[in-house]
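Colleague: Mind looking over this structure? Questions follow.
The values are calculated or read from the model by the stated rules, or taken from the named source; none is laboratory data. Computed from a predicted structure; not experimentally measured. Cβ sites come from the backbone with ideal geometry, for glycine too, and all protein chains shown count toward neighbours.
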Amino acid sequence: MRIRIPAGLLSSAIWLLASAQAQTYRSHIEHPIARYKMSARLDPVTKRVTGQYTLTWWNHTADTIPDLYFHLYLNAFKNLDSTFMREGSVSRRGGREGWFARPDADKWGWVDVDKIQIVGGPDLTRLQVFVHPDDDNASDQTVMRIVLPKPIPPRGTIELAVTFTSKLPRALARSGFEGDYFLMAQWFPKIGVYEGSGDRGRKQGGWNCHQYHGNTEFYADYGVYDVDLTAPSDYVVGSTGFRRTEHLNADGTTTYNQYQEDVHDFAWTASPRFIKVRRTFDWGNEVRGDEILKWAKVLNLPADQLALRNVDVTFLLEPNHLNVADRYFRAVFNSLKYFGLWYGQYPYDTMTIVDVPRHSATCCMEYPTFITVGTYFWPAEYGLSPEGVTVHEFGHQFWYGLVGNNEFEEAWLDEGFNTYSDGKVIDEAYPFHCGYNYFFGMPVPAYSWLSVDPPSFPFAGVGGVPVGSLFSCVQFPMRTAGRDFYLNNVKDDDLVRNGWQYLNGASYGLNSYTRVGLTLRALESYLGEDVMARAMRTFHQRWRYRHPDTRDFIAVVNEVSGRDMSWFFQQFFYGSNMVDYTVSDISSTPLEGKVGLYDEGGKKVLYAEKSAEEAFNKSKDKRYRSTVTVRRLGEAIAPVDVAVQFQNGETVREQWDGQYRWIKYVYDKSSEVKSAEVDPEHKLTLDSNFTNNSYATREDNRGVAKWYVRWVFWLENLFFAASFFS
Ligand SMILES: [Zn+2]
């Protein structure tokens with residue numbers, strides 16, 4: 001135990017929690033909506049999972065529900081007529097390595113509900129009908145509906161016995177197989193979400209069960225997964241939840257019972273090549289007492305509310321990535337620490353991370369207590385691989401896992417929050433990191449400068465090869481990450497929009513990730529970091545194990561800040577107008593007193609220019625009139641700071657509401673104006689052109705080699721467009 005507690009400052013409650021935590025999970029949900037008691041068996045030869053479950057589903061609403069909706073996600077990969085395929089999603093979702101080129105029939109995926117029956121009641125199998133709520137594609141089979149012989153009453157429960165067969169696709173869009181590696185995700189028939197009136201602002205109750213689209217992710221209710229997984233005994237198996245039992249079967253397979261409450265999904269993996277490495281996140285060792293006090297102060301909370309839990313962390317590693325294990329674990333531990341301190345402790349006992357094989361199209365995805373990540377054999381030392389993706393995917397335990405937004409309709413609520421939050425973790429834990437490197441004078445993105453893995457043998461476990469030292473790091477601020485991608489594409493869509501209705505995959509990426517990160521940083525600038533931190537925590541805590549929408553977040557921001565920030569959300573979440581402020585002119589003229597003809601004593605008296613100038617030059621009390629013109633070039637209106645500096649070192653700060661197109665500040669002072677800058681701290685991360693903010697700076701900038709700037713912008717664009725995680 002190594003927690004350092006300043007004497008008398010920290011309550012003893014934390015000490016007790018840190019030293020005597022029992023790893024027993026207690027549910028936080030009074031009434032789970034979906035309980036799955038399931039068994040599933042993987043056959044690596046036929047690439048099939050056969051399974052059965054009993055689903056106990058609770059109608060939490062006051063509605064009488066006449067039907068059931070199920071997601072049959074794997075049918076997205078059944079043929080070219082699924083909506084997923086028609087949307088051209090194969091390349092977008094990782095099928096770049098010639099998914100289509102492979103002639104094998106094995107590559108298609110599907111799921112059949114072989115039998116569905118009400119326990120102790122009628123067989124519903126023949127009542128299955130495919131529906132397509134999002135489009136007019138009658139061929140899509142990713143959503144199935146059953147009209148019940150008898151509706152489910154308000155607060156009533158239905159119990160279903162389901163038998164299914166899932167044929168896994170050649171890995172695509174997060175799930176499937178590649179060789180003897182299997183990632184079972186979106187793999188079983190899964191009940192949709194029934195939303196009552198009032199849920200997420202809904203006027204009338206109904207099922208929310210969207211088709212599988214190329215861009216969109218998922219949405220489900222919280223419940224319990226009690227799953228027996230059977231796979232060949234030489235396979236290493238990992239999944240959502242913790243392992244209760246392990247049973248060796250006579251046929252050379254092993255059955256593992258995995259269990260988790262308070263989650264809304266279940267995924268698993270199996271491969272004979274995984275190397276399993278397990279370590280404990282011991283929060284007493286990982287978090288110092290003064291760090292708790294620091295964040296308790298920021299959040300304005302008693303320190304004991306920032307207590308964390310120990311977590312059993314398991315990595316399933318590619319054999320040739322053992323050398324990256326320490327960095328992987330450090331990234332997860334840093335994430336458990338900061339996400340936990342900021343938003344509330346990670347409540348589960350386990351965390352399983354799959355280091356997926358390269359080019360398996362299953363990388364970088366989040367499931368409750370289970371994520372997929374990836375890296376390179378020789379990751380650049382400060383290139384944020386594997387840290388970037390690991391922190392991001394872990395962050396989804398908080399955004400999407402614990403706060404269960406609808407990823408179909410408001411992807412930004414988890415991807416964007418996570419982009420903001422993982423950037424903050426990187427700021428804290430990895431303040432020195434490179435966005436790109438110089439390699440013999442050429443900037444190269446740090447994420448992907450070595451994107452080819454050598455074969456496992458004889459390199460397995462070799463570490464510390466100093467290739468990274470050939471590169472020199474270019475620091476990369478997370479705060480403005482992806483700005484150029486944003487500036488080039490912001491006009492494609494508004495931020496808040498259904499995931500499948502963005503212009504294209506890049507726009508989905510921009511509006512779900514990059515733009516939200518930038519926009520939340522701008523919001524933080526207006527609220528202040530402490531208020532923002534409190535708003536984020538309040539939103540998280542209030543909506544844990546529930547389904548918020550965008551309006552719920554706005555309400556929390558307004559409530560916690562005590563300000564009406566509607567103007568901000570209206571413009572930057574629901575609109576696409578650009579911000580651009582500039583200092584267009586500064587000038588100073590001497591105040592020389594009278595020059596010209598003046599009526600004095602009944603006569604016109606001449607004050608000559610020259611004598612006025614001479615008098616001014618001799619004067620010990622010179623005065624100047626300085627004018628600073630600030631203009632709003634963009635259509636978006638946001639309050640902005642202006643800093644004016646005078647030759648004598650004096651600085652004046654102004655605050656402009658930005659309402660009209662321009663404002664002129666006039667000063668009569670003993671010194672001339674030297675420079676002026678609008679938004680000097682670049683708080684408005686969304687400003688489309690920082691180089692025109694400062695009058696002086698703009699003059700200095702003319703010598704910059706434009707080709708170089710363009711090259712770097714192009715690289716950043718490429719980097720951000722290509723590197724979206726899920
Ligand atoms: Zn994500």
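Colleague: For a quick check of your reading of the model, give me the residue pairs whose first member lies in region 485-497 and is within 17 Å of residue 411 (Cα to Cα), whose second is part of a loop (DSSP other than H, G, I, E, B) and of a type in the set (Phe, Trp, Tyr), with beta-carbon atoms closer than 6 Å and at least 6 apart or on different chains.
Modeller: Every condition considered, the pairs that remain are 493/502; 494/574; 495/573; 496/573; 496/574.
Yes/no per residue for (1) in contact with a Lys or Arg (Cβ under 8 Å, 6 or more places away or on another chain); (2) surrounded by fewer than 22 Cβ atoms within 10 Å (Cβ to Cβ):
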residue	(1), (2)
79	no, yes
85	no, yes
90	no, yes
104	yes, yes
111	yes, no
118	no, yes
126	no, yes
129	yes, yes
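Colleague: Evaluate region 529-548: report whether one residue or more is β-branched (Val, Ile, Thr), surrounded by 20 or more Cβ atoms within 10 Å (Cβ to Cβ), in a helix (DSSP H, G or I) and modelled with pLDDT of 95 or more.
Modeller: no
Colleague: Could you name every one of the strands (runs of 3 or more DSSP E) located completely within region 38-151 that has at least 1 residues being in contact (Cβ under 8 Å) with a residue 60 or more places away in the chain and small (Gly, Ala, Ser)?
Modeller: Here the list reads 48-58.
Colleague: Could you count how many residues in region 178-218 are over 17 Å from residue 400 (Cβ atoms), crowded, with 22+ Cβ neighbours inside 10 Å and at pLDDT below 95?
Modeller: Total satisfying the criteria: 1.
Colleague: Can you go through 160, 168 and tell me which one is in contact (Cβ under 8 Å) with a residue 40 or more places away in the chain, out of contact with any helix residue (DSSP H, G or I) (no Cβ under 9 Å at 6 or more places or on another chain) and hydrophobic (A, V, I, L, M, F, W, C)?
Modeller: 160
Colleague: Name every residue in region 342-368 that is under 18 Å from the mean Cα position of the chain (by Cα) and surrounded by 23 or more Cβ atoms within 10 Å (Cβ to Cβ), in order of residue number.
Modeller: Selection gives 343, 346, 353, 362, 363, 365, 366, 367, 368.
Quick grid of which residues meet (1) in contact with a Cys (Cβ under 9 Å, 6 or more places away or on another chain); (2) within 14 Å of the ligand (Cβ to nearest atom):
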{"site": "351", "(1), (2)": "no, no"}
{"site": "356", "(1), (2)": "yes, no"}
{"site": "367", "(1), (2)": "no, yes"}
{"site": "372", "(1), (2)": "yes, yes"}
{"site": "376", "(1), (2)": "no, no"}
{"site": "384", "(1), (2)": "yes, no"}
{"site": "387", "(1), (2)": "no, no"}
{"site": "396", "(1), (2)": "no, yes"}
{"site": "414", "(1), (2)": "no, yes"}
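Colleague: Now for a separate question. With the condition being farther than 22 Å from residue 525 by Cβ, modelled with pLDDT of 95 or more and in the same structural domain as residue 590 (by TED's automatic domain parsing), I'd like the strands (runs of 3 or more DSSP E) fully within region 630-673 carrying at least 2 qualifying residues.
Modeller: Where strands (runs of 3 or more DSSP E) fall fully within region 630-673 and carry at least 2 residues being farther than 22 Å from residue 525 by Cβ, modelled with pLDDT of 95 or more and in the same structural domain as residue 590 (by TED's automatic domain parsing), they are 662-669.
Colleague: Another question, if that's okay. With the checklist (1) surrounded by 23 or more Cβ atoms within 10 Å (Cβ to Cβ); (2) not assigned by TED's automatic domain parsing to the domain that holds residue 220 in hand, flag the one item residue 323 doesn't pass.
Modeller: Exception for residue 323: condition (1).
Colleague: Please indicate, with yes or no, whether at least one residue in region 291-310 is surrounded by fewer than 19 Cβ atoms within 10 Å (Cβ to Cβ), outside any strand (DSSP E or B) and in contact with a strand residue (DSSP E or B) (Cβ under 7 Å, 6 or more places away or on another chain).
Modeller: No.
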